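Asker: Before anything else, here's the structure in question.
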Amino acid sequence: MPDTTTVIVGAGHCGLAMSRCLAARSVDHVVLERGQVANSWRTQRWDSLRLLTPNWMTRLPGYAYRGADPDGYLSARQVTAMLVDYAGVSAAPVLTGTTVTSVRAAGGGYIVRTDQGSWRAPTVVLACGAATVPAVPALARLVPDGITSLTPAGYRNPGELREGGVLIVGASASGIQLADELHRSGRLVTIAVGEHVRMPRTYRGRDILWWLDACGVLDQRYDETGDLARARNVPSMQLVGSPGRTVDLNALTSAGVRLAGRLAGIAGGVAQFSGSLPGVCALADLKLGRLLNTIDAWAGSAGERFAPTTVPTVPLGLDLRSGQIAAIVWATGYRPDLSWLEVPVLDRRGRVVHDGGVTACPGLYLIGLPFLRRRKSSLIDGAAGDAAELTTHLAGHLDALAGHRARSAS
Ligand SMILES: Cc1cc2nc3c(=O)[nH]c(=O)nc-3n(C[C@H](O)[C@H](O)[C@H](O)COP(=O)(O)OP(=O)(O)OC[C@H]3O[C@@H](n4cnc5c(N)ncnc54)[C@H](O)[C@@H]3O)c2cc1C
């Protein structure tokens, strides 16, 4: 069985950032990847997807965007190319086509089983993605036959859906982007809206992410945040990677998209929506106002304000058997899949318990989850800081192991 010092599971941007930081400290390691480098950008993104973060935010350890369009937004294909280049320039030791099937503790370290053999290592970094599996609510099972059910990870373009109306469940980044695209393709689109994060594309003449970066919101730390569990569950921002274009609920309804409340149930083929829509929209408007106040305080003067969300009278039910709806897109979020871990770090809901990516099992780390160490941890731009700090912790753990071994030998 081959030995190495660190096994990194996953060659997305987080795994590659960890690899770069470990290499800078001469920590011997291998990156095990079930597909190819940037697998999720190759296999789980729809055709038109562009990053909602501007190009200048595409920063990784030892890498910064140097192209001609710093304010543009990379396509999924361009993200893939960027990560393949990054892996090459970093000489990252990636083994592709290698699926990790279990990690278990052994002899003060870990045995990492894969479909291509096993590895032994004192340290393991799980960089296998927060968005591995779409999180589809159980009520999806109640969708009547004849309606196509799909998730953003499986959706590619409007041409793949058969003719007819579409119900999109969820109004965060994926939901509003797909509502916009499907409506533009000529379909009647209804979007079921729960808690969401309203965001203008530009504010005070600049991209909103410029402000969030400049005034430190994205750098807020996990150990300085009051309700961390809540902060880790905040939905993604309603943003689309298109210069100057805001796609919020007002923009969607003006274009002709129909709103509905949160999908609360399906009974007898009828989708039932919560009556909470005015409340959740008012809350999103309120939170946007607070965020803009934070930016204004940093900038030292007041900026513009946006019209409140207009909430039309919406139906509380939609008969899915009426022929109006041909497809339902479950834009209800994603979750990691770490069901193959054989170490006692999972809570009752199968989530890894960790403190800023450091688990209770010495030498086992995690990177890439929402608000892991900073508000921007789930963004490409968040990996550099998180990887640097986890590498420092991991190196400290290796030093402690070496010290322990030296003391035992003497
Ligand atoms: C639709 C969508 C849009 C996004 N848009 C943006 C954006 O605009 N800007 C931004 O900064 N971020 C964006 N993100 C967030 C984030 O950048 C991505 O989720 C990113 O892919 C996460 O990087 P990662 O390295 O943590 O995980 P991933 O890119 O998912 O990489 C994990 C890797 O681990 C591999 N893997 C998983 N399990 C195993 C296993 N058992 N064995 C071996 N390999 C395994 C996978 O194949 C994959 O290659 C977006 C996310 C989604 C889902």
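Asker: Kindly indicate whether A140 is within 18 Å of the chain's Cα centre (by Cα), in contact (Cβ under 8 Å) with a residue 60 or more places away in the chain and over 28 Å from P362 (Cβ atoms).
Answerer: no
Asker: Determine which member of the set S48, S19, S26 is of a type in the set (S, T, Y) and assigned to a helix (DSSP H, G or I).
Answerer: Being of a type in the set (S, T, Y) and assigned to a helix (DSSP H, G or I) holds for just one of S48, S19, S26, which is S19.
Asker: OK, next. Quick one: in region 168-193, of everything that is more than 20 Å from R45 (Cβ to Cβ) and surrounded by fewer than 20 Cβ atoms within 10 Å (Cβ to Cβ), which residue is nearest to the ligand (Cβ to nearest atom)?
Answerer: Across region 168-193, the extreme among qualifying residues is R187.
Asker: A further question follows. Please find, among H13, H29, the residue that is away from the ligand (no atom under 11 Å from the Cβ), under 21 Å from V124 (Cβ atoms) and touching a residue at least 12 places away in the same chain (Cβ under 8 Å).
Answerer: H29
Asker: Among the residues of region 38-53, is any within 13 Å of the ligand (Cβ to nearest atom), closer than 27 Å to L390 by Cα and more than 16 Å from the chain's Cα centre (by Cα)?
Answerer: For region 38-53, residues within 13 Å of the ligand (Cβ to nearest atom), closer than 27 Å to L390 by Cα and more than 16 Å from the chain's Cα centre (by Cα): absent.
Asker: I'd like to verify a number: residues in region 16-26 that are without any contact (Cβ under 8 Å) to a residue 12 or more places away in the chain and within 15 Å of G88 (Cα to Cα), how many?
Answerer: 0
Asker: On to the next question. Check whether at least one residue in region 385-405 is more than 15 Å from the ligand (Cβ to nearest atom), of a type in the set (K, R), part of a loop (DSSP other than H, G, I, E, B) and farther than 30 Å from Y63 by Cα, and report yes or no.
Answerer: no
Asker: Check off (1) closer than 17 Å to T123 by Cα; (2) in contact with a His (Cβ under 8 Å, 6 or more places away or on another chain); (3) of a type in the set (A, V, I, L, M) for L60 and give me the number that stays unchecked.
Answerer: (1)
Asker: Would you mind stating whether P70 is away from the ligand (no atom under 14 Å from the Cβ) and in contact with a helix residue (DSSP H, G or I) (Cβ under 6 Å, 6 or more places away or on another chain)?
Answerer: yes
Asker: Just name the residue that is surrounded by the fewest Cβ atoms within 10 Å (Cβ to Cβ) out of those in region 57-75 that are of a type outside the set (S, T, Y) and in contact with a strand residue (DSSP E or B) (Cβ under 8 Å, 6 or more places away or on another chain).
Answerer: Once the filter is applied, the top-ranked residue is D71.
Asker: Sticking with this one: List, please: which pairs have Cβ atoms under 7 Å, are six or more places apart or on different chains, and start with a residue in region 145-163 that is within 18 Å of N39 (Cβ to Cβ) and open to solvent by less than 60 Å² (accessible area, probe 1.4 Å) and end with one that is aromatic (F, W, Y) and not in a loop (DSSP other than H, G, I, E, B)?
Answerer: T151/W330
The values are calculated or read from the model by the stated rules, or taken from the named source; none is laboratory data. Owing to the predicted nature of the structure, the values given are computational and were not obtained by experimental measurement. Cβ coordinates were reconstructed from backbone atoms using ideal geometry, including for glycine residues, and neighbour counts include every protein chain displayed. Heads up: the accessible areas ignore ligands, DNA and RNA and are worked out on the full protein's heavy atoms, side chains in. Shrake-Rupley method; radii C 1.70, N 1.55, O 1.52, S 1.80 Å.
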